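Peer 1: Got a structure for you, written out below as structure tokens; questions coming shortly.
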Amino acid sequence: MAIARISHLSYWYPGAEEPALRDVSLLIEAGLTVVSGPSGGGKSTLLRVLNGLVPHFHGGRIAGGAEVEGLDVVSTPTRRLARAVGFVFQDPELQTVYDVVDREVAFGLENIAFPPREMAARVEEALHAAGVDHLAGRSVRTLSGGERQRVALASALAMRPRLVVLDEPTSQLDPEGASMVLDAVRRLVEQGRAAVIAEHRLERLLAHASTSFVVEHGWVSASWPDPGPPAIRSVSSRQGPVAWSLAGVTAGFGGRVVLDSIDAVGHQAEVVALSGPNGGGKTTLLRLIAGALSPMTGKIERRPGRIAYLPQNPTALLHRPTLRAEVSLTLERAGESEPPEAILSELGLLAVAGRYPRDLSCGERQRAALAAVLPGRPSLVLLDEPTRGMDAAARTALIALVSRLRDGGSAIVLATHDSELRSALADRVLMVSAGGVVESESHSVPA
Amino acid sequence: MNARAVAAWSAACLFIVLFTTNPAYKALVLAAAIASLAAGAGLNRMRALLTGVVLIAAFATLLNFISAHLGATVLFELPASIPAIGGPYTLEALAAGLSGGVTVGAAIVAAAPFSLMLASHDVMDALPAALSRTGAAIAASLNLVPSVGASFVQVSEAQRLRGWRPRGPRSWAEVIVPVVLSSVESSIQLAESMEARGFGSGPRTALKPSPLRRYDWLLVAASAAAVITFLTAHAAGWAADWYPYPALSAPQLDVASIAACLFLFAPVRTWRSLE
């Protein structure tokens, strides 16, 4: 029996001329439903229809119908649908209301005036279902990303919804955190619940999925995702002179040492990948190489020239009215004559060049930030988790762009958990962990 | 610890310190607030707060000393032709400034248990049902505060590496605009998440209702006793006010008013036992 039914539904965001969803008709039944498709294709919009955030929270215009658990989505407010549909968002930090785990899980129950005497048992049940019983009473701020996201899952489960919807729940997580979340989702389905998940890391889920939809340009089709061709390994054919070096560098914040007496070196026309667990010091090392962080001791040298730096949070860069203006700003400052369209085309962003960058989807924003820092001929390129939230096609475009920059003589350093990106691009891999940096023999090191 | 009991104590401290002009009673309230907070939160956690209080109190004192050229005891004099700061500098203005500084300091320390000793959900649980939704929204937004500071550091660093340099107030737009936009986006995402979990459905319940226990009632009683005793002493004319101008005099003290202030030391015992 169908838990959700969407019939000929089209949806336009406020002020948009083109619909974000076009004549969508689908049924969602028990089991695991996987939703895939390129960034900006409409996956998040489709998922938000299921709990009424579209159209009730986002506004806009809707045509056609949608029903979840017998409730008409268009006429039922989200707060009422919340009892039938649990929702887990992308960013674990931006869905936390309280600072203690069990209070956080109880938030939804408190909102629907659930009897306090039965609430503790319900919270315990939800924590158990998400595999985080041991975190009850902990401060949310002390949790890792994977733990936080499983607490978010427990918060959704506390309402005992028939359907749980997860919108790229692992896009902000390292591989370990992602595994934790995806294992929890798999367990839910094995326990007989229905789950709909939009995800780029499909390999762990597809074996357990009962249905799959691909969403592209607002059209939804019931088909299995095409994993795309495997990334072609592209390594440096020549290694140039030293572009940057660290000698006996110790660095950290607020008196805490993050990297201790490290030595490292990178060359022109070379891609160095930084690997290692979250909190191991990858970002600190990138900031040291960039000159954004001063070392406590030791010496850092880099060849003169422009530095292109992509921070972990791409929105830190975006503030111009259009994406084209973002790219032009960087080119003007660098004194380069390249047209902005060149890099926009390379990253598949030409169609959205005139749009406000912050209106783009998560994956498109990431590419927009790359376009904003990488135009022209930077001599040193530092990228912090560049494939976050990216689909396979965007990753392929990024690999081609980085290869071109490297072949043009740029020295490149990537901090990444993405083993496919590392395998495709890295000439050398440095493991950054527990305050130290060690050269890795293999490209398939665990992230 | 119940937030309503803490609120009763804070309100009693604030009432006395703002009601009286007598610096001796103000100083007693300040001492009670510092001692109570030290018992509940520990001196280490208070360090930053105390530094801030000293700086603010010093500023209030200095401001009055510089701007109020009143009083009989002139310490020194600047030429009256100097705008704003010219004129006599008096002992009375200094004393009045000190009294003002103690007032500000006592008020800050008396309100500090809400940030140093209570979690946001403790405060929210203590709110009346009619304000529970507002409280939840405030608790949620407080969770976003630390991310704004982190965002400022990240944005300014990213823009600097992209070639931005601070050149006058207008140039800061390149940092401030992304920080503000990111904060707004974070708030919208949080609101979306709250909506998806049924926020706004109607009256709320709480996972762990926080009842007033015996020591909370004792604190409420001590706070009420402090206010009633002080008001009675003032009405009877015992709790004399203090005026530094035109000539400085020592503040008068009476036993009932001192006793009222001493009631405010009640948390020293109860909050320490909770630790």
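The values are calculated or read from the model by the stated rules, or taken from the named source; none is laboratory data. Model, not experiment: these values are computed from the prediction. Cβ coordinates were reconstructed from backbone atoms using ideal geometry, including for glycine residues, and neighbour counts include every protein chain displayed.
Peer 1: Just one of A:15, A:59 is within 14 Å of chain B (Cβ to nearest Cβ), modelled with pLDDT under 95, within 23 Å of residue B:195 (Cβ to Cβ) and assigned to a loop (DSSP other than H, G, I, E, B); which is it?
Peer 2: A:59
Peer 1: Within region A:322-352, track down each residue that is under 22 Å from residue A:393 (Cα atoms), surrounded by fewer than 19 Cβ atoms within 10 Å (Cβ to Cβ) and of a type in the set (A, V, I, L, M, F, W, C).
Peer 2: A:342, A:350, A:351
Peer 1: Six or more apart or on different chains, Cβ atoms under 7 Å: show the pairs whose first residue is in region A:198-227 and at pLDDT 80 or above and whose second is part of a strand (DSSP E or B) and among the aromatic types (Phe, Trp, Tyr).
Peer 2: A:220/A:213; A:221/A:213; A:222/A:213
Peer 1: Here is a check on your reading of the model: is residue B:270 of a type outside the set (Lys, Arg), touching a Pro at 6+ places or on another chain (Cβ under 6 Å) and surrounded by 14 or more Cβ atoms within 10 Å (Cβ to Cβ)?
Peer 2: The answer is no for residue B:270.
Peer 1: Still on this structure, please answer the following. So how many residues does region A:22-34 have that are of a type in the set (A, V, I, L, M, F, W, C) and either within 15 Å of the chain's Cα centre (by Cα) or at pLDDT 95 or above (or both)?
Peer 2: So the answer is 1.
Yes/no matrix, rows are residues, columns are (1) surrounded by fewer than 20 Cβ atoms within 10 Å (Cβ to Cβ); (2) without any contact (Cβ under 8 Å) to a residue 12 or more places away in the chain; (3) touching a helix residue (DSSP H, G or I) at 6+ places or on another chain (Cβ under 8 Å); (4) acidic (Asp, Glu):
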{"site": "A:102", "(1), (2), (3), (4)": "no, no, yes, yes"}
{"site": "A:105", "(1), (2), (3), (4)": "no, no, yes, no"}
{"site": "A:110", "(1), (2), (3), (4)": "no, yes, yes, yes"}
{"site": "A:122", "(1), (2), (3), (4)": "no, no, yes, no"}
{"site": "A:130", "(1), (2), (3), (4)": "no, no, yes, no"}
{"site": "A:134", "(1), (2), (3), (4)": "yes, yes, no, no"}
{"site": "A:152", "(1), (2), (3), (4)": "no, no, yes, no"}
{"site": "A:167", "(1), (2), (3), (4)": "no, no, yes, yes"}
{"site": "A:173", "(1), (2), (3), (4)": "no, no, yes, no"}
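Peer 1: Only residues that are outside any strand (DSSP E or B) and buried (at least 21 other Cβ atoms within 10 Å of the Cβ): list them for region A:273-282, please.
Peer 2: A:276, A:280, A:281, A:282, listed by residue number.
Peer 1: Would you tally the residues in region A:1-17 being surrounded by fewer than 12 Cβ atoms within 10 Å (Cβ to Cβ) and of a type in the set (D, E, K, R)?
Peer 2: Residues in region A:1-17 being surrounded by fewer than 12 Cβ atoms within 10 Å (Cβ to Cβ) and of a type in the set (D, E, K, R): 1 in total.
Peer 1: If you don't mind, there's one more thing I want to ask. Looking at region B:192-217, which of the residues that are facing chain A (nearest Cβ under 7 Å) and touching a Leu at 6+ places or on another chain (Cβ under 8 Å) is surrounded by the most Cβ atoms within 10 Å (Cβ to Cβ)?
Peer 2: Checking each candidate, the answer is B:196.
Peer 1: Can you find a residue in region B:35-56 that is over 26 Å from residue B:270 (Cα atoms) and surrounded by 16 or more Cβ atoms within 10 Å (Cβ to Cβ)?
Peer 2: no
Peer 1: Next question, about the same structure. Any chance region B:129-144 includes a residue that's of a type outside the set (A, V, I, L, M), buried (at least 17 other Cβ atoms within 10 Å of the Cβ), at pLDDT 85 or above and not assigned by TED's automatic domain parsing to the domain that holds residue B:48?
Peer 2: no
Peer 1: Exposed (fewer than 13 other Cβ atoms within 10 Å of the Cβ) and either in the same structural domain as residue B:51 (by TED's automatic domain parsing) or in contact with a Ser or Thr (Cβ under 6 Å, 6 or more places away or on another chain) (or both): is that true of residue B:169 in this structure?
Peer 2: no
Peer 1: Related question: Of the residues in region A:395-423, how many are closer than 23 Å to residue A:39 by Cα, of a type in the set (A, V, I, L, M) and surrounded by fewer than 24 Cβ atoms within 10 Å (Cβ to Cβ)?
Peer 2: 6
Peer 1: Follow-up. Considering only residues that are assigned to a loop (DSSP other than H, G, I, E, B) and over 13 Å from the mean Cα position of the chain (by Cα), look in region A:382-409 and name the one that is farthest from residue A:273 (Cα to Cα).
Peer 2: Here the residue is A:408.
Peer 1: Still on this structure, please answer the following. Of all residues in region A:82-109 being in a helix (DSSP H, G or I) and in contact with a Phe, Trp or Tyr (Cβ under 7 Å, 6 or more places away or on another chain), which is nearest to the other protein chains (Cβ to nearest Cβ)?
Peer 2: Residue satisfying both the conditions and the ranking: A:95.
Peer 1: Any chance region A:266-288 includes a residue that's assigned by TED's automatic domain parsing to the domain that holds residue A:361, out of contact with any strand residue (DSSP E or B) (no Cβ under 7 Å at 6 or more places or on another chain) and hydroxyl-bearing (Ser, Thr, Tyr)?
Peer 2: Checked region A:266-288: no residue is assigned by TED's automatic domain parsing to the domain that holds residue A:361, out of contact with any strand residue (DSSP E or B) (no Cβ under 7 Å at 6 or more places or on another chain) and hydroxyl-bearing (Ser, Thr, Tyr).
Peer 1: What are the residues in region A:62-100 that are touching a residue at least 24 places away in the same chain (Cβ under 8 Å), hydrophobic (A, V, I, L, M, F, W, C) and touching a strand residue (DSSP E or B) at 6+ places or on another chain (Cβ under 8 Å), if any?
Peer 2: The answer is A:62, A:63, A:66, A:68, A:73, A:81, A:84, A:85, A:87, A:88, A:89, A:100.
Peer 1: Mind listing just one residue for me: the one in region B:172-191 that is touching a residue at least 12 places away in the same chain (Cβ under 8 Å) and within 7 Å of chain A (Cβ to nearest Cβ) and, of those, surrounded by the most Cβ atoms within 10 Å (Cβ to Cβ)?
Peer 2: B:178
Peer 1: Evaluate the following for residue B:60: is it in a helix (DSSP H, G or I), touching a residue at least 60 places away in the same chain (Cβ under 8 Å) and surrounded by 18 or more Cβ atoms within 10 Å (Cβ to Cβ)?
Peer 2: no
Peer 1: Quick one: would you say residue A:69 is farther than 17 Å from residue B:197 by Cα, out of contact with any Asp or Glu (no Cβ under 9 Å at 6 or more places or on another chain) and either at the interface with another protein chain (Cβ under 9 Å from one of its Cβ atoms) or at pLDDT below 95 (or both)?
Peer 2: no
Peer 1: Hey, does region B:223-230 have a residue that's away from chain A (no Cβ under 14 Å), in contact (Cβ under 8 Å) with a residue 24 or more places away in the chain, touching a helix residue (DSSP H, G or I) at 6+ places or on another chain (Cβ under 6 Å) and in a loop (DSSP other than H, G, I, E, B)?
Peer 2: No, region B:223-230 contains no residue that is away from chain A (no Cβ under 14 Å), in contact (Cβ under 8 Å) with a residue 24 or more places away in the chain, touching a helix residue (DSSP H, G or I) at 6+ places or on another chain (Cβ under 6 Å) and in a loop (DSSP other than H, G, I, E, B).
Peer 1: Just one of (1) more than 22 Å from residue B:190 (Cα to Cα); (2) charged (D, E, K, R); (3) touching a Leu at 6+ places or on another chain (Cβ under 7 Å) trips up residue A:118, so point out which.
Peer 2: With (1) more than 22 Å from residue B:190 (Cα to Cα); (2) charged (D, E, K, R); (3) touching a Leu at 6+ places or on another chain (Cβ under 7 Å) applied to residue A:118, the lone miss is (3).
Peer 1: Next up: If you go through region A:255-266 one residue at a time, do you hit one that is within 29 Å of residue A:364 (Cβ to Cβ), surrounded by 15 or more Cβ atoms within 10 Å (Cβ to Cβ) and more than 14 Å from every other protein chain (Cβ to nearest Cβ)?
Peer 2: no
Peer 1: Where in region A:295-381 are there helices (runs of 4 or more DSSP H), lying fully within it, with 3 or more residues that are farther than 18 Å from residue A:403 by Cα and more than 11 Å from chain B (Cβ to nearest Cβ)?
Peer 2: A:323-334, A:362-373
Peer 1: Applying the selection to region A:111-136, what residues are under 24 Å from residue A:80 (Cβ atoms) and either assigned to a loop (DSSP other than H, G, I, E, B) or in contact with a Phe, Trp or Tyr (Cβ under 9 Å, 6 or more places away or on another chain) (or both)?
Peer 2: A:111, A:112, A:113, A:114, A:115, A:122, A:130
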